[in-house]
Amino acid sequence: MMEVDRVLRPGGYWILSGPPINWENNYRSWLRPKEELREEQRKIEEIAELLCWEKKSQKAEIAIWRKRQNCRERVSRATMCDPQYAIDIWYCFCTCFLVSFK
């Protein structure tokens, strides 16, 4: 998400389709525990908020966020490297690697 944020212009949109969006109705067909999907979506929502993205809509398996024009509360990459925001090991590794060598 941080890489998307880097190239997304203020006012731009990011659309996520599929898991974990609408996990409440699809967790059985996705063959994943609902608690896992709930937590995954919670982390996505939290990271989006830290990046100053506003959730505009969610219908079925599609969610749309918009990057705010002005955001003074934006967090640093170092803060995002905290393991509590890691959705998977690739994300954590890449984020921490980028922070460490800048």
Exercise. Being free of Cβ contacts under 8 Å to residues at least 60 places away in the same chain, within 15 Å of ARG6 (Cα to Cα) and out of contact with any helix residue (DSSP H, G or I) (no Cβ under 6 Å at 6 or more places or on another chain) is the filter here, so list the residues in region 50-74 that pass it.
Key: LEU50, CYS52, TRP53, ARG66, ARG68, GLN69, CYS71, ARG74
Self-check item: Filter pass, SER29 being surrounded by fewer than 16 Cβ atoms within 10 Å (Cβ to Cβ), among the small types (Gly, Ala, Ser), without any contact (Cβ under 8 Å) to a residue 40 or more places away in the chain and within 20 Å of MET1 (Cβ to Cβ)
Solution: no
Exercise. Of all residues in region 1-20, count the ones that are within 11 Å of the chain's Cα centre (by Cα) and either modelled with pLDDT of 90 or more or among the aliphatic types (A, V, I, L, M) (or both).
Key: 6
Quiz item: Only one of (1) modelled with pLDDT of 90 or more; (2) under 12 Å from the mean Cα position of the chain (by Cα); (3) loosely packed, with under 14 Cβ neighbours inside 10 Å is not met by ASP88, so which one is it?
Solution: (1)
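Out of everything in region 50-78 that is outside any loop (DSSP other than H, G, I, E, B) and modelled with pLDDT under 90, what residue ends up being farthest from ILE15 (Cα to Cα)? Talk me through it step by step, then tell me what you get.
So in region 50-78, the residues outside any loop (DSSP other than H, G, I, E, B) come out as 50, 53-59, 62-67, 77-78.
Filter again for modelled with pLDDT under 90, leaving 50, 77-78.
Details: LEU50: 17, ARG77: 22, ALA78: 25 Å.
The selected residue is ALA78.
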Practice problem: Please specify each residue of region 15-26 satisfying the condition of being in a loop (DSSP other than H, G, I, E, B) and surrounded by 14 or more Cβ atoms within 10 Å (Cβ to Cβ). | Solution: PRO19, PRO20, ILE21, ASN22
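The values are calculated or read from the model by the stated rules, or taken from the named source; none is laboratory data. Predicted model only: the values in this text are computed from it and were never measured. All Cβ positions, even for glycine, are placed from backbone atoms using ideal geometry, and neighbour counts span all protein chains on display.
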